[in-house]
Amino acid sequence: MEEIKTQNQAVFFSIIVPVYNVEDYLEQCLDSIVSQSYTDFELLLINDGSTDSSLEICKKYQEKHQQIIIIDKENGGLSDARNAGLKAAKGDYIIFSDSDDYWVGSDVLLDLNNLIKDSNPDIVIHEESRFFSANDVNCKYNQQFLKAKKGSFKEEAVHLVYYDLYAAAAWDKVIRRAILTDNNLFFTLGRKSEDIEWTAKLMYYINTFSVYSKSFYHYRQARKGSITTSVNEKHVMDIYEMIKHGLQEEKTNSEKLNLAIENFWASNYIVILKEFYVLSSKMQNVIWNGLVSWKYLLQRDRNLKVDKVMNFYKYLNFKSLIFFLNGYRIKTTFSKRYRASK
């Protein structure tokens, strides 16, 4: 692993932003990053074969900001774009940001630099705000329930997973680059919802963590054309395969970490149950026995989402629960679209 900087040295950040056909949102994203008061960073823009004006926008910003590096490549998907950025990155810490999202606050990197110099964590976790419209932005702020906001990841991972602080996303984490590169923690190509598998693998290599108190990352909801807006059969089957392999992984020597990893998979098991009816009848039959064998994951105190499901599972049988969750999924989808349209 690369030598860790001493605490009096400034942290150099690599911010990786995959770009694909986001001309309507890209400038807001870039403005929020290049306006940071702390300037010891590189901003890697990975143009993934955009067919709109996204690349031209990137070039316009590069002319004005020396921190910007453009990697222009053929379309290979989000995983491939992130991997290209990670391989080119030179920073001490990696920050992933999606190009249709944006940051709030000009001192984010300054705060992160100070936090890292103070506690030297392997990972900094931050909570996102969910952006539906200019007048509808919500942050769950679950960190208020944590007793420890820094320290040993193995000791606190169960709480971090339970409160959705350690969640299946790449953009809510600031990660020591050497952990990713030394352990070959790249994103699997050709997978949908690839953050789930990557986040789970990362858990095995984190020793220390800190939680950043501010919710600076605004995660845009229900954007037309976003890969997170529509769920198809491949999404569901990919998540199924991730859970199957994840539950079969060799255990660590930490019982607390093993429980946290299992709880992480339980929270994503809920995703499969909720989206079961997206599948064709044929694929429903293919995965049914696997889903039934994982019913042990439906226990309280694993994760907030699992706890919510348990409130209904005590009144419903397993098949009825899945049918109920499908209705909840449809309702939530329409609700998000309505809130985003206001």
Worksheet item: If you take just the strands (runs of 3 or more DSSP E) that sit entirely in the range 1-80, which of them hold at least 3 residues that are at positive phi?
Response: none
Item to complete: Could you tell me whether the range 125-142 includes any residue that is more than 26 Å from residue 246 (Cα to Cα) and basic (Lys, Arg)?
Response: yes
Practice prompt. Could you tell me whether any residue of the range 115-124 is open to solvent by less than 10 Å² (accessible area, probe 1.4 Å) and under 15 Å from the mean Cα position of the chain (by Cα)?
Written response: yes
Discussion item. Which of the numbered conditions does residue 254 fail, given that it passes all the others? Conditions: (1) of a type in the set (Gly, Ala, Ser); (2) under 17 Å from the mean Cα position of the chain (by Cα); (3) over 17 Å from residue 95 (Cα atoms).
Written reply: (2)
Worksheet, complete the sentence: From the option list 305, 319, single residue qualifying as under 23 Å from residue 164 (Cα atoms) and open to solvent by 60 Å² or more (accessible area, probe 1.4 Å) is 305
Worksheet entry | Which listed residue is within 25 Å of residue 124 (Cα to Cα) and loosely packed, with under 15 Cβ neighbours inside 10 Å, from 84, 88 | 88
Fill in: Every residue from the range 38-54 that is of a type in the set (Val, Ile, Thr) and either surrounded by 15 or more Cβ atoms within 10 Å (Cβ to Cβ) or under 15 Å from residue 27 (Cα atoms) (or both)
46
Fill in: Which listed residue is surrounded by 13 or more Cβ atoms within 10 Å (Cβ to Cβ) and under 23 Å from residue 162 (Cβ atoms), from 339, 329
329
Worksheet item: For the range 93-123, what are the residues that are touching a Ser or Thr at 6+ places or on another chain (Cβ under 8 Å) and part of a loop (DSSP other than H, G, I, E, B)?
Response: 99, 100, 104, 106, 107, 120, 121, 122
Worksheet item: Between residues in the range 292-309 that are free of Cβ contacts under 8 Å to residues at least 24 places away in the same chain and residues that are acidic (Asp, Glu) and open to solvent by 80 Å² or more (accessible area, probe 1.4 Å), which pairs lie under 8 Å by C-beta distance while being six or more apart or on different chains?
Response: 307/301
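Name the residues in the range 277-297 that are under 18 Å from residue 316 (Cα atoms) and open to solvent by 10 Å² or more (accessible area, probe 1.4 Å), would you? Before you say what the answer is, go through the steps one by one.
Keep residues of the range 277-297 that are under 18 Å from residue 316 (Cα atoms), which gives 277, 288, 291-297.
Scanning the range 277-297 gives 277, 288, 292, 293, 294, 295, 296.
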Response to the item:
Expected output for the range 191-203 (first residue open to solvent by less than 10 Å² (accessible area, probe 1.4 Å), partner outside any loop (DSSP other than H, G, I, E, B) and of a type in the set (Val, Ile, Thr), Cβ below 8 Å, 6+ apart or cross-chain) is 200/261; 202/123; 202/175; 202/179; 203/261
Item to complete: Using the structure shown, decide if residue 75 is touching a Ser or Thr at 6+ places or on another chain (Cβ under 9 Å), over 18 Å from residue 113 (Cβ atoms) and open to solvent by 30 Å² or more (accessible area, probe 1.4 Å).
Response: yes
Practice prompt. Just need a number here: residues in the range 142-189 that are β-branched (Val, Ile, Thr) and more than 19 Å from residue 207 (Cβ to Cβ).
Written response: 1
Practice prompt. Just need a number here: residues in the range 148-186 that are hydrophobic (A, V, I, L, M, F, W, C), open to solvent by less than 30 Å² (accessible area, probe 1.4 Å) and assigned to a loop (DSSP other than H, G, I, E, B).
Written response: 7
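The values are calculated or read from the model by the stated rules, or taken from the named source; none is laboratory data. As the structure is a computational prediction, the values presented were derived from the model and not from experiment. Here Cβ is always computed from backbone atoms with ideal geometry, including for glycine, and neighbour counts include all displayed protein chains. For accessibility, only protein heavy atoms count, side chains too; no ligands or nucleic acids. Shrake-Rupley method; radii C 1.70, N 1.55, O 1.52, S 1.80 Å.
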